[in-house]
2 protein chains.
Amino acid sequence: MALTTTLPGPTTAQALEAILTGAETAAPIWAETTAEERASALHHVADRLDDAAERLIEVAHEETHLTGARLQGELKRTTFQLRLFAEMVAEGSHTDARIDYADPDWGMGPRPDIRRRLEPMGPVLVFAGSNFPFAFSVAGGDTSSALAAGCPVILKAHSGHPRLSAMTAAIVSGALEEAGAPAGVFSIIFGTESGRVALMDERVKASSFTGSIPGGRALLDIANARPEPIPFYGELGSVNPTFVTRKAAKARGEQIAHEFVDSYTLGAGQFCTKPGILLVPAASGMVESLADIQHPAPATLLNDRIQSGYVDALERLAQHPDVTPLVTASGAYDAPPAPTLMHTTAASVLADPQALIAECFGPAALVVSYYNESELLDVARVIDGQLTATIHGEEDDEIAPELIRLLSRKAGRLLWNQWPTGVSVTYAQHHGGPYPASTSSSSTSVGTAAIFRFLRPVAYQGMPQHLLPQELQDGNPLEISRRVNGVQQL
Amino acid sequence: MALTTTLPGPTTAQALEAILTGAETAAPIWAETTAEERASALHHVADRLDDAAERLIEVAHEETHLTGARLQGELKRTTFQLRLFAEMVAEGSHTDARIDYADPDWGMGPRPDIRRRLEPMGPVLVFAGSNFPFAFSVAGGDTSSALAAGCPVILKAHSGHPRLSAMTAAIVSGALEEAGAPAGVFSIIFGTESGRVALMDERVKASSFTGSIPGGRALLDIANARPEPIPFYGELGSVNPTFVTRKAAKARGEQIAHEFVDSYTLGAGQFCTKPGILLVPAASGMVESLADIQHPAPATLLNDRIQSGYVDALERLAQHPDVTPLVTASGAYDAPPAPTLMHTTAASVLADPQALIAECFGPAALVVSYYNESELLDVARVIDGQLTATIHGEEDDEIAPELIRLLSRKAGRLLWNQWPTGVSVTYAQHHGGPYPASTSSSSTSVGTAAIFRFLRPVAYQGMPQHLLPQELQDGNPLEISRRVNGVQQL
C-alpha cells in the first residue's frame with residue numbers, strides 16, 4: 001500500500017458533501033453486517049496498522065515529538081483496542097438483548113410480546129485529540145467503538161499530526177475495503193471549518209471529541225443547537241487532584257513524591273489524566289522532598305499551540321498572589337519547557353478555587369500544603385468534575401471513607417495508592433466524569449462500555465419470528481446472553 | 001393523613017431555595033441507602049397511593065375529565081411501576097457491576113485492578129406531563145426510576161392537575177418519611193418560573209420532561225446552556241405512523257379500520273402514542289370503511305390549553321389544499337370535540353411532509369391513501385423521529401423486511417398487527433426514539449431500563465476491599481450478577 005506523507009489540505013465543501021453522502025449510504029449496509037463481519041474487519045484494520053508500525057511511528061515522532069518508545073506502546077494499545085472491540089461484538093452482549101414474552105397475568109394488565117436490542121445510531125463524527133496520535137486519533141477508541149457498534153465514522157483529523165492522520169486513514173480505509181466493508185464507512189476530513197459544517201449536518205447522528213474545555217464547549221453548543229440535537233461526547237479538561245493523607249506522607253512521603261514527579265512529567269505532562277494538583281500535609285517534609293527531586297530534562301511539546309497555551313496557563317497560575325515557585329527551573333517558560341512545580345496552601349485553594357484548580361496542559365503541577373486533614377474534604381467539595389481523583393492513604397486512615405464518598409461524586413475514576421496516568425483499556429474501565437471532565441457523565445471514552453455511546457434501543461412488539469433481528473429470535477441463533485422475562489440468561 | 005384539595009399557588013423563590021438545599025442535602029444520604037431500603041420505601045409509597053385510590057381518582061377526574069375506569073387503570077399501572085423498580089433495585093443488576101482483576105499479562109500491558117459500578121447522579125428535576133396525571137406525573141415513571149436509582153426528586157407539577165399533584169405529593173412525601181427516607185428526598189414545586197429557575201440551578205444534576213415539542217425544546221436549550229450542562233430527557237412529540245400493506249387491507253381491512261378508530265380515539269386521542277397517520281391502499285375499500293364507522297361521542301379534553309392547541313393544529317391540517325375531511329363530524333372544533341378523520345394521499349405527504357406529518361394532540365388522525373406500495377417505503381424515509389411505528393401486514397408480505405429496516409431507524413418501538421396506544425411497563429420496553437420523539441434516543445422513559453438515565457459509572461482502581469462499595473467487593477456480599485474479567489456471572 002502506498003503511504004502518502006504529503007501534507008493534506010483542508011477538505012473542500014464538495015469533498016465533504018461526498019463524504020457525508022457516502023457515510024449516509026454506508027450506514028444501513030454497515031449496520032446490517034453481522035457482528036462477525038464487523039469483528040473480522042476490525043481485526044484486519046489492527047493487523048494492517050501493526051504491519052505499518054515502523055513507518056507510522058516514524059511520522060508520528062516527526063509530527064508530535066513523542067518518543068519512539070511511547071509511540072510504540074500507544075500503537076500497541078490502539079490495535080489491542082480494535083481487537084478487544086472485535087471480541088466484544090462477536091460475543092454479543094453489547095446489544096443488551098431483552099425478551100419479554102406475552103403475559104396475560106402481568107401485574108398492570110396483559111403484556112404483549114416485546115423484544116428490545118440496541119442498534120447503531122448512524123454516522124458518527126469523531127474529532128481526534130492531539131496528545132494520543134494513535135489511541136485518541138484516527139484509529140483510536142471512538143473510531144473503534146463506533147465501527148464496532150455498526151456506525152460509519154467521519155474522522156476530523158487533528159491539526160497537530162496531519163500527515164500521520166492521512167497515512168493512518170489510508171490504512172484504515174484500505175483494510176476496511178479489503179475486509180468487504182461498504183464504501184463510505186470510514187472517511188477523514190481536515191480543517192476546522194469542515195468539522196464545524198459536518199457537525200451541523202443532519203446526516204451526522206452522534207459526535208465525539210477529545211480536547212480543551214473552550215474547544216469542546218463550542219462544539220457541544222453547535223451539536224445542541226441543531227434542529228435535531230445529537231449526542232456529543234466531549235472529553236474536555238481535568239486537573240486530577242491527588243490527596244496524600246498524613247499517615248501516608250509519614251509512612252511513604254519520599255516515595256510518593258518521587259512517583260508523583262514521574263507521573264506529572266510523563267509524556268511532558270500532556271496527559272488528560274496528569275495529576276495536576278498534589279495535596280500534602282504541611283511540615284511533613286514532602287514539599288522539601290519534591291523541591292529536591294531531580295526532574296527530567298525538558299521535552300518538546302506536541303505542537304506550538306500546546307506550547308503557547310501551556311505557557312499562558314502557567315503564567316496565570318504563577319502570577320497568583322498565593323502561589324510561589326517550588327521547583328524553579330529557569331527554563332519553565334522556554335520551548336521545550338523545563339518541568340515546574342508551584343506551591344500554595346489548601347486555604348488559598350479554598351479561597352480561590354476557580355483560579356487555582358485550573359488545568360496546565362504540560363509539565364507543571366501545583367503542590368498544595370494543608371494544615372488540617374479535614375481540608376482534604378473541603379477541597380474535594382469545591383472541585384469541579386474530574387476524570388480521576390487519587391488518594392494516597394493507609395488502610396486504616398479514618399478520613400478515607402468520607403474522602404472516597406465525596407470524590408465519587410466528582411470524578412469518573414478513583415485511585416488508591418496508584419497514579420492516574422496510564423488508562424488501561426478494560427471491561428470495567430471508566431474514562432469520563434461530571435462536566436467539565438466530560439460533556440456526558442454517563443459515557444466512557446475508554447473500555448468496552450464505550451460502545452454504548454453509539455447505540456440506541458429499538459423495541460419490537462408482536463413481531464413474527466422471521467421478521468425479528470436474530471438477537472431477538474426465540475431460538476437464539478447467535479447464542480448470546482439475553483435478559484428473558486427480566487432474568488439474565490447466559 | 002390529611003389530604004389537602006386546596007389549589008396550590010406558585011412556589012416562592014424562598015421556598016424553592018429551601019427545596020433545592022433540601023435535595024442537595026438528601027442526595028448523599030439517599031445515595032448511600034441500601035437497595036433494600038430504597039425498595040422498601042418505594043413499596044410503601046405504592047401502598048399508600050393504593051390506600052388513597054378512591055380520593056385520588058375523584059380529584060383526578062375533576063381536574064382532567066378522564067374517566068374513572070381509565071384513571072383506575074392508570075393508578076394501578078403507577079403503583080405497579082413503583083413496585084417493579086423496587087424489585088429491580090433489590091435484584092441489583094442496575095448497578096452494572098464490573099470487576100477486572102489485576103492482570104500482568106493483559107494484551108496492552110499490565111492491567112491494574114479496576115472495578116466499576118453505576119452511581120446516582122444527584123438531584124433530578126422532573127417536569128410532569130398532563131395526559132397521565134398518575135403515570136407520567138408526581139409519582140410516575142421518572143419519579144420512580146430516579147428514587148430507585150438513589151436520586152432525590154424535585155417534581156415540577158403540571159398546571160393541568162394541581163390539586164391532584166399536591167395530594168399525590170403529600171402521600172409520596174409522607175410515605176417516604178414513614179419509610180425512613182431523608183427529608184428533602186422528594187419535593188413538589190408549582191409554576192413555570194420555579195421550574196425554569198430550578199432547571200438552571202447547579203444543585204440539579206439531571207432533568208426529565210413529558211410534553212410538547214416547543215415546551216420541551218425550550219427546556220432542553222436551558223439545560224444545555226448551563227455553565228454545567230446536564231442530561232435532559234424530554235419526551236416531545238410523535239405522530240406514530242401506521243402502515244397497512246395491500247395484503248393486510250385485503251385480508252382484514254374492515255377489522256383494521258375498526259381497531260384504528262378505537263386506538264386513535266382512545267382517551268380522546270390524548271396519548272403520545274396515538275396513531276396519528278394511517279396509510280392504506282387506495283381502492284381497497286378501507287377509506288370508505290373508515291368513513292362509515294360509528295365514532296365515539298365527544299369527550300372533554302384534559303384542559304383548555306390542550307383544547308385550543310388541538311383546534312389550532314387541526315385547523316392548520318384541514319386548511320392544507322391537499323387535505324379533505326373524511327369523517328366530517330360537525331362538532332370537530334367544538335369543546336368537547338367530535339373525533340375527526342382527515343384524508344390525503346401519500347404523494348401529498350411526500351410533497352409536503354413538514355405540514356402533513358404533524359401531531360394533533362386530540363381525537364383526530366390523517367388517513368393517507370397510497371397507490372403504489374413502495375410509497376410506504378418513501379414515507380418511512382421522510383418521517384422524523386417517532387416513539388412508535390406500526391405495520392399491519394401479512395407474514396409473507398414482501399415489503400415487510402425493508403419497511404421494518406427503514407422504520408427501525410426512525411422509531412423507538414415497532415409494532416406488528418397491534419396498536420401503539422397502551423405502553424406496557426416491562427423489562428424490554430423502550431419508550432423513546434430519535435428527536436423529536438425524545439431528546440435522548442438512547443434513553444427510555446418507560447420500563448426498567450429507565451433507571452439508567454439517572455446513573456453514571458464510577459471506576460475504582462486499586463481500592464482496598466473495605467473501602468470498596470459492596471457491589472464491588474470480592475465476596476459479592478449483595479449476591480448480584482457481575483461482569484468479572486469481561487464475563488457476566490449470575
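Close Cβ contacts (under 7 Å, 6 or more residues apart or on different chains) running from residues in region B:288-305 that are in the same structural domain as B:Gly267 (by TED's automatic domain parsing) and assigned to a helix (DSSP H, G or I) to residues that are surrounded by fewer than 18 Cβ atoms within 10 Å (Cβ to Cβ) and among the basic types (Lys, Arg) are absent.
Against the list (1) aromatic (Phe, Trp, Tyr); (2) farther than 21 Å from A:His430 by Cα; (3) more than 8 Å from chain A (Cβ to nearest Cβ), the condition B:Tyr435 fails is (3). Farther than 23 Å from A:Asp304 by Cα, among the β-branched types (Val, Ile, Thr) and more than 12 Å from chain B (Cβ to nearest Cβ), is that true of A:Val45? Yes: the conditions hold for A:Val45.
Within region B:103-123, can one find any residue that is out of contact with any Asp or Glu (no Cβ under 7 Å at 6 or more places or on another chain), closer than 28 Å to B:Thr21 by Cβ, among the hydrophobic types (A, V, I, L, M, F, W, C) and in the same structural domain as B:Leu455 (by TED's automatic domain parsing)? The answer is yes; a qualifying residue exists. Just so you know, in region A:410-422 the residues that are facing another protein chain (nearest Cβ under 10 Å) and over 22 Å from B:Trp30 (Cβ atoms) include one that is surrounded by the fewest Cβ atoms within 10 Å (Cβ to Cβ), and it is A:Gly422. Counted as qualifying within region A:48-161 are the helices (runs of 4 or more DSSP H) with 3 or more residues that are closer than 30 Å to A:Thr34 by Cβ, namely A:68-91, A:141-149.
Looking at B:Gly215, B:Gly191, just one residue is away from chain A (no Cβ under 13 Å) and at positive phi, and that residue is B:Gly191. When restricted to residues that are within 12 Å of chain A (Cβ to nearest Cβ) and touching a Phe, Trp or Tyr at 6+ places or on another chain (Cβ under 8 Å), region B:118-135 contains 3.
Which of the residues belonging to region A:466-487 are within 9 Å of chain B (Cβ to nearest Cβ), out of contact with any Ser or Thr (no Cβ under 6 Å at 6 or more places or on another chain) and not aliphatic (A, V, I, L, M)? Residues satisfying the conditions are A:His466, A:Pro469, A:Arg483, A:Asn485, A:Gly486.
Would it be correct to say that A:Ser424 is more than 24 Å from B:Val204 (Cβ to Cβ), in a loop (DSSP other than H, G, I, E, B) and hydroxyl-bearing (Ser, Thr, Tyr)? Judged against the criteria, A:Ser424 is a match. Total residues in region A:438-447 satisfying the condition of being in contact with a helix residue (DSSP H, G or I) (Cβ under 7 Å, 6 or more places away or on another chain) and either surrounded by fewer than 23 Cβ atoms within 10 Å (Cβ to Cβ) or at the interface with chain B (Cβ under 7 Å from one of its Cβ atoms) (or both): the figure is 2. For B:Val244, are the conditions met, namely being within 30 Å of A:Asn224 (Cβ to Cβ), in contact (Cβ under 8 Å) with a residue 60 or more places away in the chain and among the β-branched types (Val, Ile, Thr)? The answer is no for B:Val244.
Checking each residue in region A:206-233 for being surrounded by 15 or more Cβ atoms within 10 Å (Cβ to Cβ), farther than 27 Å from A:Gly150 by Cβ and not hydrophobic (A, V, I, L, M, F, W, C) picks out A:Ser212, A:Gly215, A:Arg217.
Cβ-Cβ distances below 8 Å connect the following pairs, each with a first residue in region A:221-240 that is over 25 Å from A:Asp384 (Cα atoms), a second residue that is in a loop (DSSP other than H, G, I, E, B) and polar (S, T, N, Q), and a separation of six or more residues or different chains: A:Pro229/B:Thr439.
For (1) of a type in the set (Asp, Glu); (2) touching a residue at least 40 places away in the same chain (Cβ under 8 Å); (3) crowded, with 24+ Cβ neighbours inside 10 Å; (4) over 18 Å from B:His320 (Cα atoms), each residue gets a yes or a no:
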{"site": "B:Ser348", "(1), (2), (3), (4)": "no, no, no, no"}
{"site": "B:Pro353", "(1), (2), (3), (4)": "no, no, no, no"}
{"site": "B:Cys360", "(1), (2), (3), (4)": "no, yes, yes, no"}
{"site": "B:Val368", "(1), (2), (3), (4)": "no, yes, yes, no"}
{"site": "B:Asn372", "(1), (2), (3), (4)": "no, no, no, yes"}
{"site": "B:Leu376", "(1), (2), (3), (4)": "no, yes, yes, yes"}
{"site": "B:Gly385", "(1), (2), (3), (4)": "no, yes, no, yes"}
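Just one of the numbered conditions (1) within 30 Å of B:Ala365 (Cα to Cα); (2) facing chain A (nearest Cβ under 7 Å); (3) surrounded by fewer than 24 Cβ atoms within 10 Å (Cβ to Cβ) is not true of B:Tyr427: (1). Looking across region A:75-112, the residues that are at the interface with chain B (Cβ under 9 Å from one of its Cβ atoms) and within 22 Å of A:Pro469 (Cβ to Cβ) come down to A:Glu87, A:Met88, A:Glu91, A:Ser93, A:Asp96, A:Ala97, A:Arg98, A:Ile99, A:Asp100, A:Asp103, A:Arg111, A:Pro112. Within region A:421-436, being of a type in the set (A, V, I, L, M) and either in the same structural domain as A:Phe260 (by TED's automatic domain parsing) or under 20 Å from A:Ala90 (Cβ atoms) (or both) holds for A:Val425, A:Ala428. Determine if region A:365-377 includes at least one residue that is at pLDDT 95 or above, within 14 Å of another protein chain (Cβ to nearest Cβ) and within 29 Å of B:Leu468 (Cα to Cα). Yes, region A:365-377 contains a residue that is at pLDDT 95 or above, within 14 Å of another protein chain (Cβ to nearest Cβ) and within 29 Å of B:Leu468 (Cα to Cα). In the set B:Leu341, B:Leu314, only one residue is touching a helix residue (DSSP H, G or I) at 6+ places or on another chain (Cβ under 7 Å), surrounded by 17 or more Cβ atoms within 10 Å (Cβ to Cβ) and at pLDDT 95 or above; that residue is B:Leu341. Within region B:329-340, the residues that satisfy the criterion of being within 32 Å of the chain's Cα centre (by Cα) and part of a loop (DSSP other than H, G, I, E, B) are B:Ala329, B:Gly331, B:Ala332, B:Tyr333, B:Asp334, B:Ala335, B:Pro336, B:Pro337, B:Ala338, B:Pro339. Applying the criterion of being within 10 Å of chain A (Cβ to nearest Cβ) and in a loop (DSSP other than H, G, I, E, B) to the residues of region B:382-409, the residue that is farthest from the chain's Cα centre (by Cα) is B:Asp396. Of all the residues in region A:437-476, those that are farther than 11 Å from A:Tyr233 by Cβ and in a loop (DSSP other than H, G, I, E, B) number 12. The combined condition, being on the phi < 0 side of the Ramachandran plot and either of a type in the set (Asp, Glu) or within 14 Å of another protein chain (Cβ to nearest Cβ) (or both), is not fulfilled by A:Val138.
A quick yes/no check of all residues on (1) in contact (Cβ under 8 Å) with a residue 24 or more places away in the chain; (2) polar (S, T, N, Q):
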{"position": "A:Leu407", "(1), (2)": "yes, no"}
{"position": "A:Thr426", "(1), (2)": "no, yes"}
{"position": "A:Ser438", "(1), (2)": "yes, yes"}
{"position": "A:Gly447", "(1), (2)": "no, no"}
{"position": "A:Leu455", "(1), (2)": "yes, no"}
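Only one entry in A:Ala52, A:Ala90 is surrounded by fewer than 22 Cβ atoms within 10 Å (Cβ to Cβ), in contact (Cβ under 8 Å) with a residue 40 or more places away in the chain, out of contact with any Leu (no Cβ under 9 Å at 6 or more places or on another chain) and of a type in the set (A, V, I, L, M), namely A:Ala90.
The values are calculated or read from the model by the stated rules, or taken from the named source; none is laboratory data. In this text, all values refer to a predicted model and were calculated from it rather than measured experimentally. For neighbour counting, all protein chains shown are included, and Cβ atoms are generated from backbone atoms with ideal geometry for every residue, glycine included.
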